[in-house]
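**Student:** Structure below; questions to follow.
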Amino acid sequence: MKEYTVIGQRVPRIDGKAKVMGQAKYAADYSLPGMLFSKVARLPVAHAKILNVDTSKAERLPGVKAVVTAKDFNGWTWGFMANTRDEPPLAMDKVRYYMEAVAGVAAIDEDIAEEACDLIKVDYEELPSVFDPEEAIQEGAPVIHNYRPNNVSVEYHWNFGDVEKAFAESHLVREDRFRTSRATKGYLEPPASLAWYDPAGYITVWAAKQSPYFHYRHLAACFNLPLSKIRVIQPYIGGGFGGTKNDSVAGDFCAVMLSKMTGKPVKFVYTQEEELTVSKRRHSMIVYNKMGMSKDGLITAIQSRVIADGGGYTAVSPLTMYLTGCCTPLPYKLPNYKYDCYRAFTNNPICAAMRGHGVTHTRFACEIQMEMMAEELGIDPVEIRMRNAIDNPKPGEIYRTINDMTLKTCGIKEAIQTLVKDPLWAEKGKGPKQDGSVSYGVGMAATSYLGGARQLGHQSCAATVRICEDGTVNLITGATDCGQGSDTVLAMIAAEELGVRYQDIDFKMVDSAYTPVDAGSYGSRVTVLAGQAVQIAAADAKKQLLAILGSEWKVNPEELEIKNAEVYNKSNPTRRIPFERLAKIACYSGSGAVIIGKGYSGYGIEPLDFENGRGNSGTSFSFTAQTTRAGVDLETGHVTVSDFVIAHDCGRPLNPIGAESQNEGGAVQGMGQAIYEDFIMDSGRTLNSTFLDYKMPRSTDVPDIKVIDIITDDPSGPFGAKEASEGSHVSAPPSVVAAIHDATGIWFKEQPVTPEKIVKGLKEKGKWPGK
Amino acid sequence: MAQFYKRLPRFQYLLPKTLEEALSFLKEHKEAARLFAGGTDLIPQLKKREVDIPRYLVDLKGIPGLDSIAFDEKAGLKIGPLATINAIKDSPYVRDHYPSLFQAASSMASPQVRNRGTFAGNICSAVPSADSAPALLALEASVRLLGQKGEREVPMDKFFIGPRKTVLEAGEMLLEIKVSRPKPGSRNVYLKLSPRHSMDLAIVGVAVAATCDGGVCKDIKIALGAVAPTPIRVPAAEKILEGNRITPEIIEEASQNAAAQCSPIDDHRASLEYRRDMVYILARRALNNVLTK
Amino acid sequence: MEQIKLTVNGKEYELQVRPWATLLEVIRDDLGLTGAKEGCGEGECGACTVIMDGKAVNSCIVLAVEANGRQITTIEGLAEGDRLHPVQEAFLEMGGMQCGFCTPGMILSTKVLLDGNKNPTDEEIRKGLEGNFCRCTGYTKIFESVKAAAQKIRR
């Protein structure tokens, strides 16, 4: 049983006081004297050739200070990989999705900026468009990007073992088509930034970015400035969830360019409708899944063919499609696996990353299909999982998947067993199955999720721990807390390692002028990677301090320990001084030392192998099992999800309140996709881009949630930690759909499972009590 | 070119102190003036440029005495145009005598919106899914309108003409919603169906008000929301029940008839078929609720 | 321009505002009180919630001119110097927030809920907060914060 002083304590968030007082400042809360307001003008057409953009009237409107169009960016484009730099700040020759940005205006106030946008005229020629991803990759479909004449934006073909042979030898084989919903992040804070282009050749932005350093690189490239002169200051972020806030948007580039043109600071703030209509959303995918099983329900092979709707540009999708396939050999043993994916360009809004990135689509398909097959074989949902689940490797051993991913810990069996004993599952037979028209069901699902992801070549993660002379500590990293609580957990790690108290640490938010480069908040990497960097930096500072004291006290520094902000001699513990005193001694000794501990995450996992799918996608993997109880009104199809129990193996939850809250939030967000959330499209137009009609869970929709920690103490992570809560986000949709199956007897394969789909399904089976 | 507006469009603000002043503004500025009370419908519409931009917004909240909710045993309930949805929901008169109005009010939006929005605004906006409308229709409410030519009273079932269209003439405003006192032994209910548990527009709304005596339906009114160009009564379904002994079969027949009477649309919120099916289900539930319990 | 008088967090202000300016815009831009946020701009999310004459309202759909003569409380008006309001304390202790964007509105709605009902049931808490959207927390720790706040207030 590990005993920690700070780790594992239920501490208030390090930024909690600022947030409850309303003092936390987000991008839109910043102002500078002389600031201008910018606005992005857009073309309400899904696919069109731009013939002419006439900004003359807008430029002449009193109060307008500058107007920017594509020509001002000189053909610069950006993208995730060197050969997918297909996205321009403003549309150049074509618009490829509805309301793509074409121009930007800066004016002395927002009213005038909006008026100016109304005055911009665009001559365009509408082009034939395509919205269905399967249609888009057929011969003869309108070409969206010339460099991909078949509209296949990303394509991978992986093959492990021999699926054909395995299927031939299987007792049971199923093929099914699944569809995941058109969902989006749904954060409350729309994208915003305050930009200042100093004529001396510096850019400073206060930008709502969960990965500020991506934006930092984009700005350097776009404006041809060295990185040393790009300053991205991270305000508090109002939610990230992947996709947009670890990328740049049209408003960002326009604001900086307009600042350059006017010599004034320029602010932009998107509206929520703008965010929901044009921001990068999650891919919606069609998964053709084939699974084989032996008579005992052991999985023999999986073959997944995935068609993803990518929208108008590539964005981060080479990573998306890799993640969609790489984790299929988890959390169950898989001896044969084939993965073919096609990500299609369409004239829909751009699809990119979102929590549970990639994995969520295929895990949904595999969990549901596995249960369908178990049902056919007469094996129950727990048994089918326990027979196939990967065992927790013994200390020192690793488990290797067929695609060469390696695990040091795997708590999935313990998680499932924990759920089995929990009353939600254990007592699901008791009590009435039906109450009036409402039928109750309980469902289970399990998943894994990677942590410590890396992108190609961009894994950097460092920290400095600066000891102030009064014994308080500044913690400086390049890591961004977009709400998930990473600042808190990093402070806890620093405090634990250094031996001081949590409240002695002050965390400094990202400012690229002063903080070390970091890839930011994505792929569940902050706790595991930045955490490791922080641990090393704290240990370094501690070493320097103890070396100085050792020389003062004339003892070997190895004899000294720091705990709870007290320093003592291990072999003579009555000799102790407060940490504050140690700091003074160290800082004023000799000519005065400056104690700065530095560390960087040495994790050198091999670059991701997109082409073959082989190798680790992260430094470690979380495991989550979840049960759901739901009531389905069989007459109306209305679903009420009443309970979640989530058993999650994140190695060790370092910040228990944070890990619980993340699991709760992740599962609710997953529930949204399972039953409520879907963008309804009409020829590239999003019909429901408001909070009224893009229906996310409200306080009256959420179940009672219980989170249970499964401790496996993974050696890869600081203090045993792995990622937390992308797992519960992925386990929620199949768990909810399994509960709906238990209540209705119907397996639904298309998200979201709306009341209307349920009634339709019941009618088709002759089970609708309506008539 | 297009954009997403963050700011409201430009308009002038007028705050009349009396009804006469309000009416004179309407007379003077005609279509260039829009009345508003809570603004919870109008302000978002203006922000999205979904309606013609008025040159003048005329705020009724400067006129005293328009927010009252009064009840007496003879005249029944009188709701002023500025009575907020929350005030209506919290009124003991409403809770005691008109549960369907309480249910409608409780189902609308959020506490914040209910603190500003009004039933008057809800029915004047005349969206087919307006939650207050079916309940008021089933209770045979009427509205007092005040215009350039003076006052007139219009029964609820004559008030709506089409989606977002009422009989309100130019220069006319809603002065009062009147609901006659409930008949002895009568019951009323409003049921709303939507995907989530809050913050949704109704996919289907059904209100029933009825009186039973010794197992016989003496009096019945059924109203539907969100399934026709306006909120509607369904007299053919009412006739099936009126004067007859209540049985499961007759409730079934009336419910099916109600479903056949409506003319829902297919839109991104729900399909025609689902709405029609749900009218049947909700009508059956509402009728059982009011006639058999 | 219209001339209005507002009392915000106990302090009186005389302001010149455009008739089409919302209360949210004036609070944030003219008074510099940026605690109230614009989440959706159309009264659906509650991030802009302020208390006006004792009632919670969505300030993004209230015109500034409509607030003339009214008493407004924003999140900045809850704490007394460094002393947090019991609702703020409860949210801090129970971890009722993640990104914090919904938090000012959520805390003010909680305050109004508890002002009217010192011992709300689970159902009453959920319904009382239905106008405040949160994407991060799944609401669980928000409910726990409300209950903890109620306990503090009852003491």
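**Student:** How well do other chains shield peptide B:35-47, expressed as the mean number of their Cβ atoms within 10 Å of each residue Cβ?
**Tutor:** Numbers: counts 0, 2, 0, 5, 5, 6, 2, 1, 11, 10, 1, 2, 9.
Mean inter-chain Cβ contacts per residue within 10 Å come to 4.
**Student:** What order do you get for B:132, A:689, A:620 when you list them from fewest to most C-beta neighbours inside 10 Å?
**Tutor:** Working: B:132 31, A:689 23, A:620 28.
The order, fewest Cβ neighbours first, is A:689, A:620, B:132.
**Student:** Using Cα-Cα distances under 8 Å and only pairs 6 or more residues apart, what relative contact order does chain A have, in percent? Present the calculation step by step, with values, prior to reporting the outcome.
**Tutor:** Values: 2010 pairs, mean separation 117.6, N = 771.
Answer for chain A is 15 percent.
**Student:** Taking only the alpha carbons of segment B:69-179, what extent do you get along each of the three principal axes, in Å, biggest first?
**Tutor:** 35, 32, 23
**Student:** What does the highest-first list of A:511-518, C:109-116, A:472-479, B:19-26 look like by mean Cβ count within 10 Å? Write out the running numbers ahead of the final one.
**Tutor:** Numbers: A:511-518: 19.5, C:109-116: 21.1, A:472-479: 24.2, B:19-26: 17.5.
Averaged packing, sorted descending, gives the order A:472-479, C:109-116, A:511-518, B:19-26.
**Student:** Considering only Cα-Cα distances, which of the following residue pairs are longer than 24 Å: C:118/C:141; A:17/A:280; B:192/C:111; A:94/A:121; A:94/B:6; A:695/A:760? Can you show the working numbers first?
**Tutor:** On the way: C:118/C:141 19 Å; A:17/A:280 32 Å; B:192/C:111 29 Å; A:94/A:121 15 Å; A:94/B:6 26 Å; A:695/A:760 20 Å.
With Cα atoms farther than 24 Å apart: A:17/A:280; B:192/C:111; A:94/B:6.
**Student:** Tell me the mean residue ellipticity at 222 nm calculated for chain A from its helices only (DSSP H runs of n ≥ 4, each -39500 (n - 2.57), averaged over every residue, nearest 500). Spell out each step's value before the answer.
**Tutor:** Values: 19 runs with 205 residues, N = 771.
When only DSSP H runs of four or more count, the value is -8000 deg cm²/dmol.
**Student:** Using only the alpha carbons of segment A:341-466, determine the length spanned along each of the three principal axes and report them from longest to shortest in whole angstroms.
**Tutor:** For segment A:341-466, the Cα extents along the three principal axes come out at 58, 51, 39 Å.
**Student:** Specify the residue with the greatest mean-square fluctuation among C:43, C:96, C:32, computed from a Gaussian network of chain C linking alpha-carbon atoms under 10 Å apart.
**Tutor:** C:32
**Student:** For the residues A:735, B:186, what sequence is obtained by ranking on other C-beta atoms within 10 Å, fewest first? Write out the running numbers ahead of the final one.
**Tutor:** On the way: A:735 34, B:186 18.
In increasing order of surrounding Cβ atoms, one gets B:186, A:735.
**Student:** On alpha-carbon atoms, Rg over Rh for segment A:523-637 using Kirkwood Rh?
**Tutor:** Rg/Rh for segment A:523-637 comes to 1.30.
**Student:** Here's another thing I want to ask about it. Using only alpha carbons, build the gyration tensor for segment B:186-291 and give me the equivalent ellipsoid semi-axes, biggest first, whole Å.
**Tutor:** Over the Cα atoms of segment B:186-291, the semi-axes work out to 24, 13, 11 Å.
**Student:** Kindly state, as a whole number, the per residue volume in cubic angstrom of the convex hull around the alpha carbon atoms of chain B.
**Tutor:** Numbers: hull volume 39.2 nm³, N = 293.
Once divided by residue count, the hull of chain B is 134 Å³.
**Student:** Semi-axes of the equivalent ellipsoid for segment A:106-169, please: Cα gyration tensor eigenvalues, times 5, square-rooted, ordered largest first, whole Å.
**Tutor:** On the way: eigenvalues 448, 64, 20 Å².
Equivalent-ellipsoid dimensions as semi-axes: 47, 18, 10 Å.
**Student:** Please determine, in degrees from 0 to 90 and to the nearest 10, the orientation of helix B:19-29 with respect to the longest principal axis defined by the Cα atoms of chain B, where the helix direction is its Cα long axis.
**Tutor:** Here the helix axis deviates by roughly 70 degrees.
**Student:** Please compute the modelled spin-label separation between residue A:606 and residue B:265, points set 7 Å along Cα→Cβ, answer in nm with one decimal.
**Tutor:** Modelled inter-label distance: 5.8 nm.
**Student:** If you wrap a convex hull around the alpha carbons of segment A:484-565, what volume per residue comes out, as a whole number of Å³?
**Tutor:** Working: hull volume 8.3 nm³, N = 82.
In segment A:484-565, the Cα convex hull volume per residue is 101 Å³.
**Student:** Here is a further query. With N denoting the number of residues in segment B:12-62, provide Rg(C-alpha) divided by 2.2 N^0.38 Å, to two decimal places. Mind dumping the intermediate values first?
**Tutor:** Values: Rg = 10.7 Å, N = 51, 2.2 N^0.38 = 9.8 Å.
With N residues counted in segment B:12-62, Rg over 2.2 N^0.38 Å equals 1.09.
**Student:** Want the number for residue A:764 to residue A:109: 0.36 nm per residue separation, take away the alpha-carbon distance, what's left? Please report the intermediate quantities before stating the final value.
**Tutor:** Numbers: separation 655, 0.36 × 655 = 235.80 nm, distance 5.72 nm.
Gain on stretching residue A:764 to residue A:109: 230.1 nm.
**Student:** Using only the alpha carbons of segment A:124-274, what is the convex hull's orientation-averaged projected area in square nanometres?
**Tutor:** Working: hull surface 59.5 nm².
Answer in nm², one decimal: 14.9.
**Student:** Multiply the residue gap between residue A:229 and residue A:543 by 0.36 nm, knock off their C-alpha separation, and tell me the result in nm, one decimal place.
**Tutor:** Additional length available on full extension: 109.7 nm.
**Student:** So how far apart, in nm, are the two label points at residue A:74 and residue A:422 if each is 7 Å from Cα heading toward Cβ?
**Tutor:** So the two model labels end up 5.7 nm from each other.
**Student:** Starting from the Cα coordinates of chain C, work out the convex hull volume and express it per residue in Å³.
**Tutor:** Numbers: hull volume 15.8 nm³, N = 155.
With only Cα atoms used, chain C gives 102 Å³ per residue.
**Student:** Also, quick follow-up: Run the paramagnetic zone check for residue B:213: 7 angstrom along Cα to Cβ, then residues of segment B:226-251 with backbone nitrogen under 14 Å.
**Tutor:** Flagged as within label range: B:243-245.
**Student:** Also, quick follow-up: Looking at segment C:2-77 from every direction and averaging, what is the projected area of its Cα convex hull in nm²? Present the calculation step by step, with values, prior to reporting the outcome.
**Tutor:** Values: hull surface 16.7 nm².
In nm², the orientation-averaged hull projection of segment C:2-77 is 4.2.
**Student:** Using Cα-Cα distances under 8 Å and only pairs 6 or more residues apart, what relative contact order does segment B:186-291 have, in percent? Write out the running numbers ahead of the final one.
**Tutor:** Working: 203 pairs, mean separation 29.3, N = 106.
Here the relative contact order equals 28 percent.
**Student:** At 0.36 nm per residue, and after removing the present C-alpha to C-alpha distance, how many nm does the segment from residue A:559 to residue A:380 gain when stretched out fully?
**Tutor:** 58.8 nm
**Student:** FRET efficiency for residue A:391 and residue A:577, Cβ-Cβ distance as r, R0 = 60 Å, nearest 0.05?
**Tutor:** Numbers: r = 49 Å, r/R0 = 0.81.
Approximately 0.80, to the nearest 0.05.
**Student:** Another question about this same structure. Order B:190-196, C:101-107 from most to least packed using the mean count of other Cβ atoms within 10 Å.
**Tutor:** Working: B:190-196: 23.3, C:101-107: 31.0.
Top of the packing list down: C:101-107, B:190-196.
**Student:** Can you give me the three principal axis dimensions of the protein assembly as shown from its C-alpha atoms, in Å, biggest first?
**Tutor:** In descending order, the Cα extents are 98, 74, 70 Å.
**Student:** Inside 10 Å of the C-beta atoms of A:704-713, what's the mean count of C-beta atoms belonging to other chains? Mind showing how you got there, number by number?
**Tutor:** Values: counts 3, 5, 1, 1, 0, 0, 0, 0, 0, 0.
Taking all residues of A:704-713 together, the mean is 1.
**Student:** Taking Rh as the Kirkwood radius, which is the inverse of the mean 1/r over Cα pairs, what is the Rg/Rh value for segment A:20-116? Intermediate values should be presented prior to the final figure.
**Tutor:** Details: Rg = 16.2 Å, Rh = 15.3 Å.
Radius of gyration over Kirkwood radius for segment A:20-116 works out to 1.06.
**Student:** Per-residue counts of other Cβ atoms within 10 Å, averaged by peptide: what ranking do you get for B:124-131, A:169-176, highest first? Before the final figure, lay out the partial values.
**Tutor:** Values: B:124-131: 22.0, A:169-176: 15.5.
Those peptides, ordered most packed to least, come out B:124-131, A:169-176.
**Student:** Right, something else. Could you work out how far apart the two model spin labels at residue A:594 and residue C:153 are, taking each label as a point 7 Å from the Cα in the direction of the beta carbon, and quote it in nm?
**Tutor:** Modelled inter-label distance: 5.1 nm.
**Student:** Which whole number gives the average count of other chain Cβ atoms within 10 Å of the Cβ atoms across peptide A:678-687? Before the final figure, lay out each step's value.
**Tutor:** Details: counts 1, 1, 3, 1, 1, 0, 0, 0, 1, 3.
That works out to 1 on average.
**Student:** Moving on. How big is the Kirkwood radius of segment A:319-363, worked out from every pair of different alpha carbons and given in Å to one decimal? If you can, show how the numbers build up before the last one.
**Tutor:** Values: mean 1/r = 0.0848 Å⁻¹.
It is 11.8 Å.
**Student:** List the relative contact order of segment A:167-310 as a percent without decimals, with contacts defined as Cα pairs under 8 Å and 6+ residues apart. Kindly include the intermediate steps, with their values, before the conclusion.
**Tutor:** Working: 280 pairs, mean separation 51.8, N = 144.
Normalised by residue count, the contact order of segment A:167-310 is 36 percent.
**Student:** Over its Cα atoms, what ratio of radius of gyration to 2.2 N^0.38 Å does segment A:608-663 give? Before the final figure, lay out each step's value.
**Tutor:** Details: Rg = 17.8 Å, N = 56, 2.2 N^0.38 = 10.2 Å.
Ratio of Cα Rg to 2.2 N^0.38 Å: 1.75.
**Student:** So if R0 is 45 Å, what FRET efficiency would residue A:551 and residue A:514 give, r being the distance between their Cβ atoms, rounded to the nearest 0.05?
**Tutor:** So the FRET efficiency works out to roughly 0.90.
All of the numbers you see were taken from the coordinates with simple rules; none came from a lab. Every value quoted in this text rests on a predicted model; they were computed, and no experiment measured them. Cβ coordinates were reconstructed from backbone atoms using ideal geometry, including for glycine residues, and neighbour counts include every protein chain displayed.
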